[in-house]
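Student: I'd like to ask some things about the structure below.
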Amino acid sequence: KESRHRVGFFKGSLKIYEITEEMYKSVQVEKKPPKLLFSNLPSNQSMDVLIRVYVAAAVGLTPLDFGGSVDPYLLVKCGKTTISDKDKYLTKDVNPIFGRMFQIRAKLPRDSKLSIKVYDHDLIGANDLIGSTTVDVEDRYMSWRRASCGVSQQYIKTRTSKDRWRDNLKPVDLLKRMCLLKGWTSPQFRRDSNGLKVIVGGETYQLEKKKLGPMKLNGTSEAAEPAPVKLPASERNELAIQVLHQSGVTPEHIETRTLYNDDCPGIPQGKLHMWIDLFPYNESIPAPIAINPREPQKYILRCIIYNTEDVILDETNILGESMSDIYVRTYLEGKKKDKQETDTHYRSLTGEGNFNWRMVYPLDFIIQENKMIQKKKGKFWHIEKTVMKVDPILHLEVFDKDVLSRDDKLGWAQIDLTRIPAPTKTAKECSLDVYENEKAHPRMSLFEKKKIQGFWPVYDDSLGTRELTGKVEMELEILTEEEVAERPAGKARDDPNSNPTLEPPNRPETSFNWFTNPWKVFKILIWGRFKWHIIIGLLIILLVLFVVLMAYTAPEAINNAIYGR
């Protein structure tokens, strides 16, 4: 048996046509193939093309690391060209957002296979292949459907626009190319009383009056604004786009390609969200589109706790009165270790607490996604920090301070900084309706309002239902780094104590720590209330002592007086 080895592969199209008798006679006479069957064949010369690979993100990557995660990066290969993105690997993310664009110059049909691979980066040992996908770029380039570059919804020539036209050919030229490849006559534009029309493949198309707006993520289009006056050339391009979309050309879209690994045949290893643009290298090539991941903007959150009202009284003092030692704690979601607390308002007998205390939190926020960006280690053995996206939630908690036991949490609330319920102006109006009645208390974004002040309720829902346990007067303000430099402010009441200036709270004399001020406890709580009782008691004790002393010494004195001793 002869040994075989592969020296190449065949790519072609095999079709069977029914030839009429007239066509057969013409073949015999002219000695040429029928014109309709073998017209507009592609050139058999090599073509230089520029391949642009846009990889937006990956989802559902198979975890390979201990702990159920991966450190993914991309590797793109076409022909002899290999581009590795190893230095820009992402840490601990099975759903990474790459936002990467790669450019490769290739020669067709030699470099027809484009391979996109996703690897797991390892600090020790070889990097592991997660999965790969292969694209035949030659098929896309030669297709009459213009799969080399998806056709946009509208023709925008402005270079700075994110929705600008990406193709190197205008829509009218694309329409002419489609007609040529399909064996149709060139498109014929006409104008009548009803507007602009075009005849393509025997069909007549009329320019629609409604213009599609930019696409949203869910596939719907925004309401179109009144269209400006268009030049004839612009109208032709818009009509050409309309015809191209109705004729089955490839629209502008993001592909979802499944990743596979030969070690696990037939089992998906994740998916890539990407697209590919192909351009002839000898023609004018449009500029690439930036798809870099959104960079978070740095903000400073200032939270000022002014007062509390109607906080439940959790303890009883030595005089039998109900009271609480109140303080307030706040922290951002995912950052409980960076929590900040007010000082303590001791011996509150009415649930009122006075603080005038400022808390300051830096945060990185992506406005388009309404997410905070945080970097932290997932496990203690992780060497690098993981980038996480979390909701911008401020946790508000009210505590009763205890000295010999754990502090009691009296109430809490979670406030989404992008959907803050409108607070009340007074404590009397404040109730759980702030969270439950969205119509009366519409939601607002702190990043739009910049500053919000009022009363928010805190509650206890540990038993399944919310129970009002207090009210907090608070001010929330969000600032950029530039605004912080113009309007500085320190934590608590430290310098610089400005914007606004916070005065020490006006607390009653009974608000202090009894364990550290025993003399003050006696002076205010005992002497102030039982002064006359104490004086009378002391006088009685002195009188009793005097009587006892007299009774003890009287017999001896009498005896001495009688016997003259």
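The values are calculated or read from the model by the stated rules, or taken from the named source; none is laboratory data. Please read these numbers as outputs of a predicted model, since none were measured by experiment. Because the Cβ atoms are built from the backbone with ideal geometry, glycine has one as well, and the counts that use them run over all protein chains shown. The area values use the complete protein model at the heavy-atom level, side chains included, leaving out ligands, DNA and RNA. Shrake-Rupley method; radii C 1.70, N 1.55, O 1.52, S 1.80 Å.
Student: If Lys385 satisfies every condition in (1) of a type outside the set (Val, Ile, Thr); (2) open to solvent by less than 40 Å² (accessible area, probe 1.4 Å); (3) at pLDDT below 95; (4) touching a Gly at 6+ places or on another chain (Cβ under 9 Å) but one, which is the exception?
Tutor: Of the numbered conditions (1) of a type outside the set (Val, Ile, Thr); (2) open to solvent by less than 40 Å² (accessible area, probe 1.4 Å); (3) at pLDDT below 95; (4) touching a Gly at 6+ places or on another chain (Cβ under 9 Å), the odd one out for Lys385 is (2).
Student: Which condition number does Thr316 fail, the rest of (1) farther than 30 Å from Glu486 by Cβ; (2) open to solvent by less than 60 Å² (accessible area, probe 1.4 Å) being met?
Tutor: (2)
Student: I'm trying to understand the selection: among the residues of region 163-182, which are assigned to a loop (DSSP other than H, G, I, E, B) and surrounded by fewer than 20 Cβ atoms within 10 Å (Cβ to Cβ)?
Tutor: Asp163, Arg164, Arg166, Asp167, Asn168, Leu169, Lys170, Lys182
Student: Can you find even one residue in region 145-159 that is surrounded by 18 or more Cβ atoms within 10 Å (Cβ to Cβ) and of a type in the set (Lys, Arg)?
Tutor: Yes - at least one qualifying residue is present in region 145-159.
Student: Can you say whether Pro171 is free of Cβ contacts under 8 Å to residues at least 60 places away in the same chain and either in contact with a helix residue (DSSP H, G or I) (Cβ under 8 Å, 6 or more places away or on another chain) or closer than 30 Å to Ser234 by Cβ (or both), as far as the supplied structure shows? Full working, then the answer.
Tutor: Numbers: free of Cβ contacts under 8 Å to residues at least 60 places away in the same chain: no; either in contact with a helix residue (DSSP H, G or I) (Cβ under 8 Å, 6 or more places away or on another chain) or closer than 30 Å to Ser234 by Cβ (or both): yes.
When the stated conditions are applied, Pro171 does not pass them.
Student: Give me the strands (runs of 3 or more DSSP E) completely within region 54-124, filtered to those with at least 1 residues that are among the basic types (Lys, Arg), ordered by residue number.
Tutor: 72-78, 97-108, 113-120
Student: Specify which of the listed residues (Leu36, Leu14) is in a loop (DSSP other than H, G, I, E, B), at pLDDT below 75 and of a type in the set (A, V, I, L, M, F, W, C). I'd like the intermediate steps shown before the answer.
Tutor: Working: Leu14 fails: at pLDDT below 75.
Only one candidate qualifies: Leu36.
Student: Taking Phe66 and the conditions (1) open to solvent by 50 Å² or more (accessible area, probe 1.4 Å); (2) at pLDDT below 90; (3) in contact with a strand residue (DSSP E or B) (Cβ under 9 Å, 6 or more places away or on another chain); (4) not aliphatic (A, V, I, L, M), which numbered condition does it fall short on, given that it satisfies the others?
Tutor: Looking at each condition in turn, Phe66 falls short on (3).
Student: When you scan region 113-128, do you find a residue that is touching a residue at least 40 places away in the same chain (Cβ under 8 Å) and closer than 30 Å to Ser234 by Cβ, even just one?
Tutor: no
Student: Restricting to region 104-121, count the residues that are surrounded by 15 or more Cβ atoms within 10 Å (Cβ to Cβ) and either under 24 Å from Lys376 (Cβ atoms) or of a type in the set (S, T, N, Q) (or both).
Tutor: 3
Student: Another question about this same structure. Would you point out the residue of region 75-95, among those that are within 20 Å of Gly125 (Cα to Cα) and over 23 Å from the mean Cα position of the chain (by Cα), that is surrounded by the fewest Cβ atoms within 10 Å (Cβ to Cβ)?
Tutor: By that ranking, first place goes to Asp87.
Student: Can you tell me which residue among Arg358, Arg347 is under 29 Å from Leu502 (Cβ atoms) and either over 32 Å from the mean Cα position of the chain (by Cα) or open to solvent by 30 Å² or more (accessible area, probe 1.4 Å) (or both)?
Tutor: It is Arg347.
Student: While we're looking at this one, here's another question. Does Glu397 meet the test of being open to solvent by 50 Å² or more (accessible area, probe 1.4 Å), more than 18 Å from the chain's Cα centre (by Cα) and of a type outside the set (A, V, I, L, M, F, W, C)?
Tutor: Judged against the criteria, Glu397 is not a match.
Student: Here's something else I'd like to know. Could you check how many residues of region 265-287 are modelled with pLDDT of 90 or more, under 33 Å from the mean Cα position of the chain (by Cα) and open to solvent by less than 60 Å² (accessible area, probe 1.4 Å)?
Tutor: 9
Student: Of all strands (runs of 3 or more DSSP E) completely enclosed by region 381-448, which ones contain at least 2 residues that are under 21 Å from Val311 (Cα atoms)?
Tutor: By residue number, 393-400, 408-416.
Student: Here's something else I'd like to know. Here is a list of conditions, (1) within 31 Å of the chain's Cα centre (by Cα); (2) within 24 Å of Pro286 (Cα to Cα); (3) of a type outside the set (A, V, I, L, M); (4) open to solvent by less than 70 Å² (accessible area, probe 1.4 Å), and Asp136 meets all of them except one; can you say which number that is?
Tutor: Going through (1) within 31 Å of the chain's Cα centre (by Cα); (2) within 24 Å of Pro286 (Cα to Cα); (3) of a type outside the set (A, V, I, L, M); (4) open to solvent by less than 70 Å² (accessible area, probe 1.4 Å) one by one, Asp136 breaks only (1).
Student: For region 216-230, indicate whether the set of residues that are part of a loop (DSSP other than H, G, I, E, B), modelled with pLDDT under 85 and acidic (Asp, Glu) is non-empty. Steps first, answer last, please.
Tutor: Taking region 216-230 and keeping what is part of a loop (DSSP other than H, G, I, E, B), we get 216-220, 222-230.
With modelled with pLDDT under 85 added as a condition, the list becomes 216-220, 222-230.
Keeping just the survivors that are acidic (Asp, Glu) gives 222, 225.
Yes, region 216-230 has at least one match.
Condition check ((1) exposed (fewer than 15 other Cβ atoms within 10 Å of the Cβ); (2) under 18 Å from Arg302 (Cα atoms); (3) without any contact (Cβ under 8 Å) to a residue 60 or more places away in the chain) across all residues:
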| site | (1), (2), (3) |
| --- | --- |
| Val403 | yes, no, no |
| Gly411 | no, no, no |
| Ala427 | no, no, no |
| Ala440 | yes, no, yes |
| Pro457 | no, no, yes |
| Asp461 | yes, no, yes |
| Gly464 | yes, no, yes |
| Gly470 | no, no, no |
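Student: Test of understanding: among Ile478, Ile452, which residue is touching a residue at least 12 places away in the same chain (Cβ under 8 Å), open to solvent by less than 70 Å² (accessible area, probe 1.4 Å), farther than 30 Å from Ser324 by Cα and under 28 Å from the mean Cα position of the chain (by Cα)?
Tutor: Ile478
Student: Further question on the same structure: Take Thr418 and decide whether it is among the polar types (S, T, N, Q), touching an Asp or Glu at 6+ places or on another chain (Cβ under 9 Å), at pLDDT 95 or above and open to solvent by less than 60 Å² (accessible area, probe 1.4 Å).
Tutor: Considered against the rule, which asks whether it is among the polar types (S, T, N, Q), touching an Asp or Glu at 6+ places or on another chain (Cβ under 9 Å), at pLDDT 95 or above and open to solvent by less than 60 Å² (accessible area, probe 1.4 Å), Thr418 comes out as yes.
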